[in-house]
Amino acid sequence: MIHFVLLISRQGKVRLTKWYSTYTQKERTKVIRELSGVILTRGPKLCNFVEWRGFKVVYKRYASLYFCMCIDQDDNELEILEIIHHYVEILDRYFGSVCELDLIFNFHKAYYILDEILIAGELQESSKKTVARLIAAQDSLVETAKEQASSISNIIAQATK
Amino acid sequence: MSGPSLMDSLFQRTLEDLIKGLRQQLIGEQAFISKALEEIRKEIKSTDLSTKSTALLKLSYLSSLHFHDMSFATFHALEVLSSPRFSHKRIAYHAISISFHDSTPVLLLITNHLRKDLSSTNEFEVSLSLQCLSRIANVDLARDLTPEIFTLLSSNKLYVRKKAVAVVLRVFEKYPESVRVCFKRLVENLENSDPQVLSAVVGVFCELASKDPISYLPLAPEFYKILVDSKNNWVLIKVLKIFAKLAPLEPRLAKRVVEPICDHMRRTGAKSLVFECVRTVVTSLIENDSAVRLAVGKVREFLVDEDPNLKYLGLQALSIVAPKHLWAVSENKEFVIKSLSDADPNIKIESLRLVMALVSEHNVAEISRVLVNYALKSDPDFCNEILGSILSTCSRNVYEIIVDFDWYVSLLGEMSRIPHCQKGEEIENQLIDIGMRVKDVRPELVCVSRDLLIDPALLGNSFLHRLLSAAAWVSGEYVEYSRNPLELMEALLQPRTSLLPPSITAIYIQSAFKVLVFCLLTYLMQRGSTASSMFPDNLPSAVSASVSYESFDDLSVENVVDATDTHGPTCTSASITNESIVNLLNLVELALGPLLGSHDVEIQERARNVLGFVDLTKLDLLNSSVQEENDSERKGAEASKTIELMHGAFSKELGPVSSSAQGKICLPDGLMLKENLGDLEMICGDIDQPSSNSFSFGSPYEEKGGVSFSNLQIKENSRQSNESTSLLAEHRKRHGLYYLPSGKSEMISNDYPPANDPMLLGNINDNADDLVKLTEESLTPKRKPNHAKPRPVVVKLDEVDEKPESKEDSLSGAVHDVLFGSEDIVPTSSQSNLSDMPSSKRKGKEKQHTDSHVESKENLVDHGNPSSRRRKHHSHGKERRHRSPRKKNAEERKDNGQKLKEKSSHRHGMHKSGQRAEEPFNFSVQTPVIPDFLL
């Protein structure tokens, strides 16, 4: 299973963290510090796998972002690479040629999309189209709610309550 | 404090504002964040849910990317969760899943929210709560929400169902009892036609089977069907993983799955699937030669591929296959060696492992030579990686593959001179270990140690200090093989030794002591011999003559004779003159004098010992050198007596100790070893702990010094360790050498060839070829008894260690319970008897293996008929499975399908009413599942 997903920029800034196994906040920072030290220093054209504390970390670089997933020793590395690519393609489709800034300002959306792809550290949806449809449906749910909420009258009603 | 005003709500910073603001802060980011946190703390108390949720969103941003604590907001997250709006819920669930953990206090309050959302009509709300549950479920949540999960497992919304399936894994893990409720529905989902649901179920079983494969053996037919039918690579990879776990347990299953796996390997274009097939074959189907050949063929394709990923994985697959099929590695030898110089450190390490797998008795010298040369050229990390693997390979099974120890010892010396070497500790252990175990190599060992000690440059490298301590110990302990003890003395007392840590300085002093005693003794004997017999050429006989003349006790006489005999006439004695002895004593006083004021007790005490000894002997020796020879005989008698005595104390040989030696010592009466010392810890508190630790364990160096100092101390050590066996067990493992030889290990050391071995004659003859031959001859029989004896005992120890590990956890117990029936389990008190599960389970397993053949036939007759109850999937599956004899398959499917139903109804009955009456029936129905399928 996937223990966690990290998105780290080339400068070592963290863009997304998702933990499927239990880590305390302290361990989380430690893990990220350790891994970004290992991964960011690896040159291009090397293999995409790093052995780390008895686990394997599969990473792939897209533009300035490193997508990393930590898996068990006997998990399939190539499969994880495909999952990473799958995620990137969906992000790309959702944001329209995604860039790092999109993920910075829409960090929650990146999470929601990831939640549709992975659950409990396993892949749950391998169809890009389905994911796109599900996310769109949820977004429209939010939009309608927002319209109601942001009308001035609503705010006044709230305030004078 | 009141909540924020309307204005606050209107002008609240949104997440985007926060992020923008953060990005503009080039410096003072922390200040900005703490200001933002201040705002959030205020906003989150707002009564307006929109304001609250925005604050929560911002907080989860800061928490997940900047790792700020958000535990203060757990209750507010719950408040937002109760909002009817989806957008709020989404934010709340996200915040909860990143911030809640098992000990979050408000976790109790979330159960009802989750229950409400799990039964919501909005599938997205259900999905959110499932996502969240998969992350935060603890025992209580898992228990309380099991009914909801059970319902969702057969939801007609596939979107929800697949998530529920995935969540089941976490629920099972936390609350094994839920297996009794949910397992059947989970298994039913294996027949689902939707690829996503199927993928989720297989994923769950893959995780479950990796922990305890044997419980899922009965499901092999379902998995087999998926393996043959599925076209989905994601699913196939997971199924292959399951079979990789199941196949080793059941040889007939292995035979069945080989064919389809090889088919996939040949047909598919997806590298991930090919690799999974290869890995399954090399890990679990290693007996099947044709499959292994096919897999190795695929591996070769990987190896020559441009993609470094495939290269790496190919090498990894080779290293899995290596222990059983070494030919696979030798076939790809060129490639493996070439990869040693790959740009990628991971590939290098992988190929290094493979090269080490190739090492055997015949080529170890050659390969080590190549690797050491290579290590000289490579970067520090990889250099140490190489050295480490050479060391561990060569020392495997008590130096099994080493024939020529002289070569190996000089290799150790060479390795320690490599500039990047950081393996001092490992080399240290091996130097001492070899010194004790292999008598014939000692002259070479002393020679190597001398070279190490004499080099002042090595003292500057702190990684080598421990290695130097070993060298010092060796040269002190086996000083009789030294060519020039005086030189050794200078090396041990050279000024740069001040760079050493105190514990190692202590060893240096102790070794210097031994060398000093030896020098003085040789000097005395030399003088005695010139006095008594006037033939200086004929030293050995003169020595023995002089010794017998002085009439010391037999033991020390023999030792002296041994010592001088072994290195023969070429040695030292001739070179020690009055003058050099005077110089030597002066040197000792000069070097050790300042250490008397050392703050380290160990150093101080040892230095004082040596200087005391010098004081005792110096006067006599110096006086005698000036006076008449005959006179000195008398005057020096006292000094020489002291020297002889000290030499006698040092010359007793230390032998290796088996790691199980401790077990041989019987416990004194009234000693409580298993008493719980928990209270003690509380009483002692934090401050006492470190000191008490250092007392009971002792630093390794001190221990070592103690051993060389006198046997008495060792005895004390072992008596102490007797009192705290468990504490010392680990220490003993690491420093086993330094413990007192028990009865058994004495037997071992008796296995050494006697002192007057042909080997020694060969040494004197100096015939190199004979020597090599003799070494081989004397080594092989000697090595065998040396470790053949301890090994069986070690194995026994391992068994004892493993037993508690192999104990199944309660989850697998529950699963087993559901799958195999509960032949000897009392269902009413299931929670409490979970701990008994393993034993009952094992019993069940055995029963199954012995009885199933007999019973299965009857069962087919008895229960095979009601095919009308079969579901469509079954007949469908039957049609597709052309490989096996149809009739049998049909029967077995029937049997299986019906069984599941019966089992489930039965299970429900059991769960509710706790009847035991039907158990035998249940058992006999379920056991034949696998054998039928496989035969």
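Every read-out reported here was derived from the displayed coordinates using simple, explicitly stated rules and does not represent laboratory data. Bear in mind that the values here come from a model prediction, so they are computed numbers and not experimental data. Using ideal geometry, Cβ is built from the backbone for each residue, glycine included, and neighbour counts are taken over all protein chains shown.
Condition first: more than 12 Å from chain A (Cβ to nearest Cβ) and farther than 28 Å from A:GLY43 by Cα. Can you find one or more residues in region B:298-319 that meet it?
Looking for residues that are more than 12 Å from chain A (Cβ to nearest Cβ) and farther than 28 Å from A:GLY43 by Cα, one finds none in region B:298-319, hence no.
Can you tell me which of (1) at the interface with another protein chain (Cβ under 9 Å from one of its Cβ atoms); (2) more than 20 Å from B:HIS94 (Cα to Cα); (3) of a type outside the set (S, T, N, Q); (4) crowded, with 19+ Cβ neighbours inside 10 Å is the one A:ASP74 doesn't meet?
Of everything listed in (1) at the interface with another protein chain (Cβ under 9 Å from one of its Cβ atoms); (2) more than 20 Å from B:HIS94 (Cα to Cα); (3) of a type outside the set (S, T, N, Q); (4) crowded, with 19+ Cβ neighbours inside 10 Å, A:ASP74 misses just condition (4).
Within region B:330-343, which residues are out of contact with any Ser or Thr (no Cβ under 6 Å at 6 or more places or on another chain) and buried (at least 20 other Cβ atoms within 10 Å of the Cβ)?
Correct list: B:ASN332 only.
Across region A:16-37, what is the total count of residues that are within 10 Å of chain B (Cβ to nearest Cβ), within 24 Å of A:VAL88 (Cβ to Cβ) and over 19 Å from the mean Cα position of the chain (by Cα)?
Of the residues in region A:16-37, 0 are within 10 Å of chain B (Cβ to nearest Cβ), within 24 Å of A:VAL88 (Cβ to Cβ) and over 19 Å from the mean Cα position of the chain (by Cα).
Pull out all pairs, ordered by first then second residue, where Cβ-Cβ is under 7 Å, the residues are six or more apart or on different chains, the first lies in region B:15-34 and is at negative phi, and the second is surrounded by 12 or more Cβ atoms within 10 Å (Cβ to Cβ) and of a type in the set (Gly, Ala, Ser).
B:LEU18/B:ALA36; B:PHE32/B:GLY21
Among the residues of region A:80-94, which ones are in contact with a Leu (Cβ under 8 Å, 6 or more places away or on another chain) and without any contact (Cβ under 8 Å) to a residue 24 or more places away in the chain?
If the condition is that a residue be in contact with a Leu (Cβ under 8 Å, 6 or more places away or on another chain) and without any contact (Cβ under 8 Å) to a residue 24 or more places away in the chain, then A:LEU91 is the only one that fits.
So which of A:CYS99, A:CYS70 is within 18 Å of A:LYS18 (Cα to Cα) and of a type outside the set (D, E, K, R)? Spell out how you get there, then give the answer.
Numbers: A:CYS99 fails: within 18 Å of A:LYS18 (Cα to Cα).
Step by step, each of A:CYS99, A:CYS70 is checked, and only A:CYS70 is within 18 Å of A:LYS18 (Cα to Cα) and of a type outside the set (D, E, K, R).
Quick one: in region B:161-179, which of the residues that are within 24 Å of B:LYS238 (Cα to Cα) and among the charged types (D, E, K, R) is surrounded by the most Cβ atoms within 10 Å (Cβ to Cβ)?
B:LYS163
For residues in region B:103-128 being surrounded by 15 or more Cβ atoms within 10 Å (Cβ to Cβ) and within 18 Å of B:GLU173 (Cβ to Cβ), which is farthest from the other protein chains (Cβ to nearest Cβ)?
Out of the qualifying residues, it is B:LEU114.
Can you tell me which residues in region A:78-137 are within 23 Å of B:VAL168 (Cα to Cα) and among the aromatic types (Phe, Trp, Tyr)?
A:TYR111, A:TYR112
What is the one condition in (1) surrounded by fewer than 16 Cβ atoms within 10 Å (Cβ to Cβ); (2) among the basic types (Lys, Arg); (3) within 26 Å of B:SER134 (Cβ to Cβ) that A:ARG33 does not satisfy?
Exception for A:ARG33: condition (3).
Considering only residues that are away from chain A (no Cβ under 11 Å) and assigned to a helix (DSSP H, G or I), look in region B:150-160 and name the one that is surrounded by the fewest Cβ atoms within 10 Å (Cβ to Cβ).
Filtering first and then ranking leaves B:THR151.
Residues that are within 11 Å of chain A (Cβ to nearest Cβ), surrounded by 23 or more Cβ atoms within 10 Å (Cβ to Cβ) and not polar (S, T, N, Q): list the helices (runs of 4 or more DSSP H) wholly contained in region B:188-295 that include at least 1 such residues. Reasoning before the result, please.
Values: elements: B:195-211, B:220-229, B:233-246, B:251-267, B:271-284.
Correct list: B:195-211, B:233-246, B:271-284.
So, in region A:115-134, how many residues would count as being touching a residue at least 24 places away in the same chain (Cβ under 8 Å) and more than 10 Å from chain B (Cβ to nearest Cβ)?
4
Suppose we filter B:GLU43, B:GLU79 for residues that are buried (at least 17 other Cβ atoms within 10 Å of the Cβ) and in contact with a Pro (Cβ under 7 Å, 6 or more places away or on another chain); which single one remains?
On the way: B:GLU79 fails: in contact with a Pro (Cβ under 7 Å, 6 or more places away or on another chain).
Only one candidate passes the filter, namely B:GLU43.
Just give me the residues in region A:38-69 being within 8 Å of chain B (Cβ to nearest Cβ) and not basic (Lys, Arg), in sequence order.
A:GLY43, A:LEU46, A:CYS47, A:ASN48, A:PHE49, A:VAL50, A:GLU51
Only one of these is of a type in the set (A, V, I, L, M) and under 18 Å from B:SER199 (Cβ atoms): B:LEU249, B:LEU253, B:LEU273. Name it.
Exactly one residue qualifies, and that residue is B:LEU273.
Please count how many residues of region B:49-100 are at the interface with chain A (Cβ under 10 Å from one of its Cβ atoms), among the hydrophobic types (A, V, I, L, M, F, W, C) and part of a loop (DSSP other than H, G, I, E, B).
So the count comes out to 2.
Just a yes or no: is a residue in region B:463-482 free of Cβ contacts under 8 Å to residues at least 60 places away in the same chain and among the acidic types (Asp, Glu)? Step through it out loud before you land on a result.
So the first thing to find is which residues in region B:463-482 are free of Cβ contacts under 8 Å to residues at least 60 places away in the same chain, and the list is B:463-468, B:470-472, B:474-475, B:478-479.
Imposing the further condition that a residue be among the acidic types (Asp, Glu) reduces the set to none.
No, every residue in region B:463-482 fails to be free of Cβ contacts under 8 Å to residues at least 60 places away in the same chain and among the acidic types (Asp, Glu).
Say whether the condition of being more than 23 Å from B:LEU354 (Cβ to Cβ), in contact with a helix residue (DSSP H, G or I) (Cβ under 9 Å, 6 or more places away or on another chain), crowded, with 19+ Cβ neighbours inside 10 Å and in contact (Cβ under 8 Å) with a residue 24 or more places away in the chain is met by at least one residue in region B:396-405.
For region B:396-405, residues more than 23 Å from B:LEU354 (Cβ to Cβ), in contact with a helix residue (DSSP H, G or I) (Cβ under 9 Å, 6 or more places away or on another chain), crowded, with 19+ Cβ neighbours inside 10 Å and in contact (Cβ under 8 Å) with a residue 24 or more places away in the chain: present.
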